[in-house]
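Undergrad: The structure under discussion is supplied below as structure tokens; questions concerning it will follow.
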Amino acid sequence: MADVVGSTFSFWNWLGGMIDGDGYFSISLSRQHSPPSPRICVTPQVGITARADYRWSLEYILKNAGVGRIYTRGKNPYPTCAWQTTSGKDGLYLAKMVFPYLVVKKGKCKRFIEVLEYWIDTANPDKKGDHSRIRAKGQRLRTQEQMLRMLRVACEINADRQTRRYKDKLTYEQWEPLVKQWYPN
């Protein structure tokens, strides 16, 4: 790729094509049963999966995007590698950078950006960033309405994920009663 970099090559355009082909925007949801009260853990990610012998392309992404990690999954004869963002902030940054270059996943990326900006804003309404007092008192950072909004978009974005990891995940209809129980108004 070195011969292309100096010409009209755009890393973000190339990455947009990679994400359109082999990438994903995902918001993973999991139940956390930590005392004193259960909660929902929300993990937004942007990632690309490739065969292990194409790890070089994921390393190129890591180097040029400056965010994420690479993970190797599976065993011989068919191991795979995945590059993915590791925080909501990194996911939002990356989604905004590739958005103009997406075609296939542009709508999903737009929803991902919108809900992540909302999620970040609702966690930090006073923009001071100190949640320790709220958590020490056992209070929730977000309301039931805010959680339901995030869950609806997460379930929409994740609906077409075909991997074994997502096949048994809860639907919005299954999450809703849990949210109403764990996040009273």
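Undergrad: For the stretch 70-110, give me each residue that is part of a helix (DSSP H, G or I) and farther than 24 Å from Ser10 by Cβ.
TA: Listed by number, the list holds a single entry, Gly88.
Undergrad: Answer with yes or no whether Arg39 is surrounded by 12 or more Cβ atoms within 10 Å (Cβ to Cβ), at pLDDT below 95 and closer than 26 Å to Lys180 by Cβ. Please lay out each step first, then the result.
TA: Details: surrounded by 12 or more Cβ atoms within 10 Å (Cβ to Cβ): yes; at pLDDT below 95: yes; closer than 26 Å to Lys180 by Cβ: yes.
Taking the combined requirement at face value, the residue satisfies it.
Undergrad: Testing Asn64 on (1) among the polar types (S, T, N, Q); (2) more than 17 Å from Trp14 (Cα to Cα); (3) loosely packed, with under 14 Cβ neighbours inside 10 Å, one condition comes back false. Which one is that?
TA: (2)
Undergrad: Taking Leu116 as the residue in question, decide whether it is closer than 30 Å to Arg142 by Cβ and touching a Gly at 6+ places or on another chain (Cβ under 8 Å).
TA: Answer is yes for this residue.
The values are calculated or read from the model by the stated rules, or taken from the named source; none is laboratory data. Note that the structure is a prediction, hence the values are computed from the model and not measured. Cβ sites come from the backbone with ideal geometry, for glycine too, and all protein chains shown count toward neighbours.
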